[in-house]
Amino acid sequence: MKLLNFDLRAAGEKRLLQLHEMEEFHNNAYENAKFYKERTKAWHDKHILKREFQVGQKVLLYNSRLRLFPGKLRSRWSGPFIVSRVFPYGAIEVTHETKGTFKVNGQRLKPYFEEEFSKEKSSLELQTPK
């Protein structure tokens with residue numbers, strides 16, 4: 001048998017030392033996690049775009065639920081919707097003729113730009129490589 005097992009006082013001191021080391025390791029891990037969270041939050045906040053919408057503006061809505069059944073070429077943006085009301089802290093109320101009126105987070109919207117496209121057909125002849 002080991003000599004340490006016979007001496008209860010020495011075994012108690014060794015166990016207490018191990019507990020203090022484990023507590024110090026735990027505190028270091030907690031501090032590192034805290035610093036990581038702060039850096040991640042700062043990076044995330046820096047990359048958030050400030051979007052402001054006016055009543056009557058046309059917008060597109062991001063549909064995050066399409067990830068379950070993704071179509072390769074299917075757009076995740078639906079709309080256009082019309083902004084009917086703007087609430088503080090980024091909430092927006094949008095209206096659609098068939099889907100009705102509902103509130104959404106402003107980060108899920110982007111402006112819809114209507115533009116007339118030319119219906120004229122144009123062609124360009126390519127030369128065969130030599």
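The values are calculated or read from the model by the stated rules, or taken from the named source; none is laboratory data. Owing to the predicted nature of the structure, the values given are computational and were not obtained by experimental measurement. With ideal geometry, Cβ positions are generated from the backbone for all residues, glycine too; neighbour counts draw on all protein chains shown. Heads up: the accessible areas ignore ligands, DNA and RNA and are worked out on the full protein's heavy atoms, side chains in. Shrake-Rupley method; radii C 1.70, N 1.55, O 1.52, S 1.80 Å.
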* Asked: residue 61 fails exactly one of the following numbered conditions: (1) touching a Leu at 6+ places or on another chain (Cβ under 9 Å); (2) farther than 30 Å from residue 115 by Cβ; (3) of a type outside the set (D, E, K, R). What is the number of that condition?
  -> (2)
* Asked: Restricting attention to the range 39-68, which residues are open to solvent by less than 70 Å² (accessible area, probe 1.4 Å) and of a type in the set (A, V, I, L, M)?
  -> 42, 59, 60, 61, 66
* **Check on residue 36, of a type in the set (Ser, Thr, Tyr), open to solvent by 100 Å² or more (accessible area, probe 1.4 Å) and modelled with pLDDT of 95 or more** => yes
* Give the residues of the range 65-121 that are modelled with pLDDT under 90, part of a loop (DSSP other than H, G, I, E, B) and within 27 Å of residue 44 (Cβ to Cβ), sorted by residue number. => 68, 70, 75, 76
